[in-house]
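The values are calculated or read from the model by the stated rules, or taken from the named source; none is laboratory data. This is a predicted model, so every value here is computed, not measured. No Cβ is skipped: glycine too gets one built from the backbone with ideal geometry, and neighbour counts run over all protein chains shown.
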Amino acid sequence: MIGWVLLSRQAVARAAKALEEGNLGVRDEVGFLSLHQAIADRLFPGTSVLQTRARYAVLVPWVMCKVAEAGQHDAERRLRTYEGLLAGQLVRGQDERRDAAGAIGARVWRRFRRAPSQPPSSSYWNALARWGILSPRPDGTTPSRLQVLKQLAGAARRRPAGEDDPHPDEAASSPFVRLPECPPGLGRLDVSLDLAPTREEKAFLRRQIIGVLREDGAPSYLARLVAARAGSEADSPWSDGIAGHADADDRAILVLARGASALAAIGRAVYAALAEAAHGSDYGNARSTMHAEWLLETRARFRQAALALSIDELADRFPRLPADLLHLMRRTQGWLRGGHDDPASLRDIYAAAERARKGERARLPTTLGARQRRAEWKPDEHPLAEPLNFRWPNVRQLLSDLR
């Protein structure tokens with residue numbers, strides 16, 4: 001028998017971390033993911049690489065309300081079922097050439113007729129809370145999905161029979177703010193859906209996101225871009241055409257983001273070139289130079305921006321960044337200033353950073369275990385290093401949906 005359970009917060013965090021790493025082009029070998037997350041969370045609160053389209057921010061609450069109508073019994077399983085049905089309705093929309101690009105779980109539904117392992121309710125849960133669509137608990141924490149289902153079921157049980165709208169006291173008991181009208185046929189496989197928000201849904205989501213503040217109480221960069229209807233065609237969050245929408249504080253963050261993106265691109269290329277060189281030294285008859293050549297190209301392209309980064313200011317702005325990552329970044333800047341082609345002088349610090357993160361799975365150390373890991377490594381299958389994007393592709397799609 002196969003059963004379904006809701007993922008724990010820890011499991012969701014691990015999945016999100018893995019997908020964040022994948023979005024950076026390669027696995028997070030030496031710690032640049034923490035830099036990526038810190039800056040992305042500051043500029044674009046509530047976003048994640050797991051997110052695809054804006055409409056999920058209303059689809060998820062609607063689905064949960066539908067599930068709760070049948071009460072609390074077996075609510076977790078029924079939520080999984082409904083999220084599978086939602087994927088099926090969006091697949092039907094794709095087949096009908098409706099705007100359903102970005103449907104979460106479409107491939108899984110086509111193959112197995114079930115919900116994806118990482119369903120929309122987990123992918124968008126933080127966004128619902130951060131964007132004020134999901135209310136916090138009395139102690140200020142975000143309720144779990146099971147807690148929300150129980151609360152919704154209780155509100156539905158108290159609703160007088162035959163009334164579509166709850167009384168004010170019942171509306172107040174819902175964990176969600178008042179939502180736009182749910183589309184008819186949600187949860188029915190014979191009804192297709194798409195991911196293009198209606199005018200009412202756009203207005204609702206814009207209103208919610210425009211209210212998203214930074215920790216200092218000022219509007220976030222995401223809120224400013226949504227308010228200005230800007231950014232959907234920009235190549236990066238620091239592009240000249242949109243950076244002017246940021247306030248002075250966030251413009252300083254954007255300067256840091258640009259430099260950090262460049263230095264991370266070089267750093268990740270350094271790691272790959274070092275692993276490639278060690279692999280070639282171990283197995284001289286199978287030497288690859290792909291990553292060494294890419295490092296030269298990456299260094300030429302990003303050197304100026306990487307050297308312009310003030311790591312001291314970065315550390316001041318983001319005090320939770322790991323000290324060993326900051327040290328590695330400083331050493332990489334020193335290597336860049338020296339004008340060296342060969343990154344061999346960086347191997348010890350990169351090996352230490354990888355060992356701290358991956359333990360016995362590390363490739364760069366000079367240990368027998370690392371040599372065994374290199375034996376399993378294929379240079380031509382390791383993605384070429386790219387700069388950090390701070391979730392900009394996902395944010396740009398969100399801005400496009402709400403434009």
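If you filter segment 354-376 down to residues that are outside any helix (DSSP H, G or I) and touching a helix residue (DSSP H, G or I) at 6+ places or on another chain (Cβ under 6 Å), you find that the one that is surrounded by the most Cβ atoms within 10 Å (Cβ to Cβ) is Leu364. Of everything in segment 235-254 that is touching a residue at least 24 places away in the same chain (Cβ under 8 Å) and out of contact with any helix residue (DSSP H, G or I) (no Cβ under 7 Å at 6 or more places or on another chain), the residue that is farthest from Leu346 (Cα to Cα) is Asp247.
When each of Arg145, Arg188, Arg178, Arg199 is tested for being surrounded by 17 or more Cβ atoms within 10 Å (Cβ to Cβ), at pLDDT 95 or above and among the charged types (D, E, K, R), the lone residue that passes is Arg145. In the set Arg391, Arg357, Arg396, only one residue is under 23 Å from the mean Cα position of the chain (by Cα), touching a residue at least 40 places away in the same chain (Cβ under 8 Å) and within 23 Å of Leu295 (Cα to Cα); that residue is Arg357. Among the listed residues Arg337, Arg331, Arg303, which satisfies the condition of being over 23 Å from Ser34 (Cα atoms), part of a helix (DSSP H, G or I) and among the basic types (Lys, Arg)? From the options Arg337, Arg331, Arg303, the qualifying one is Arg337. When each of Ala11, Ala70 is tested for being surrounded by fewer than 18 Cβ atoms within 10 Å (Cβ to Cβ), of a type outside the set (Phe, Trp, Tyr), at pLDDT below 95 and not in a helix (DSSP H, G or I), the lone residue that passes is Ala70. If the condition is being of a type in the set (S, T, N, Q) and either surrounded by fewer than 20 Cβ atoms within 10 Å (Cβ to Cβ) or farther than 19 Å from Ala272 by Cα (or both), then segment 285-332 contributes Asn285, Ser288, Thr289, Gln304, Ser310. Residue count for segment 233-252 satisfying the condition of being assigned to a loop (DSSP other than H, G, I, E, B) and of a type outside the set (Ser, Thr, Tyr): 9.
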